[in-house]
Amino acid sequence: MPTKKKVEEVKEIKKPVAKAKAAAQKVAADVKAEAAKVEKKVAAKKPAAKKAAPKNEIIIQSPLGGEITPAEILAKVGPVDQVYVRVDENKLYWVKGKESGSMEIWE
């Protein structure tokens, strides 16, 4: 049967071990939290997945050759209310409020 002195010696030996174990668990938790932060940053920097092309794409062709899409037309004329496309005249006619104008489709 262990003596009281032996029990106290064992308890003293176990104290640093318990402290080291607690410190190791804290370090492991800190490392896990930091890894989660890094993964989140990496995921944020990944390029967004490309959207699938629309099933019904509209392409406007010139009788002289050349193509343009509605998205390209809107990028060309900017923020307007309406756009009229006249490929026979090579013109985009646009309306914005009381303003209107035109520009060439293909230069």
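The values are calculated or read from the model by the stated rules, or taken from the named source; none is laboratory data. These numbers were taken from a predicted model, which means no experiment stands behind them. Here Cβ is always computed from backbone atoms with ideal geometry, including for glycine, and neighbour counts include all displayed protein chains. All accessible areas refer to the heavy atoms of the entire protein, side chains included, with ligands and DNA or RNA removed. Shrake-Rupley method; radii C 1.70, N 1.55, O 1.52, S 1.80 Å.
With the convex hull drawn over the C-alpha atoms of segment 24-77, the volume per residue is 114 Å³. Rounded to the nearest 0.05, the FRET efficiency derived from the C-beta distance between LEU64 and SER100 at R0 = 25 Å is 0.45. Looking at the square roots a ≥ b ≥ c of the eigenvalues of the Cα gyration tensor of segment 62-103, which shape do they give, rounded for a/c under 1.5, prolate if a/b is larger than b/c, or oblate? It is oblate, given that a/c is not under 1.5 and a/b is not larger than b/c.
Per residue, the accessible area of the chain comes to 90 Å², computed with a 1.4 Å probe over protein heavy atoms only. Across the options GLY97, VAL85, ALA24, the greatest Cα extent toward the positive end of the charge dipole of the chain (unit charges at beta carbon of Lys, Arg, Asp, Glu) belongs to ALA24. For ILE105, the residues whose modelled amide H falls within less than 5 Å of its own, excluding neighbours fewer than 5 places apart on the same chain, are LYS91, LEU92. What a 1.4 Å probe finds exposed on the chain is 60% carbon and sulfur by accessible area, rounded to a whole percent. Counting only alpha carbon atoms, the long axis of helix 4-45 and the longest principal axis of the chain meet at about 0°.
For the chain, what log10 I(q)/I(0) values come out of the Debye formula at q = 0.10, 0.20 1/Å, with one point per alpha carbon and no solvent? Values returned for q = 0.10, 0.20 Å⁻¹ are -0.60, -1.05. Here r is the Cβ-Cβ distance between ALA43 and LYS76 and R0 is 35 Å; the resulting FRET efficiency, rounded to 0.05, is 0.50.
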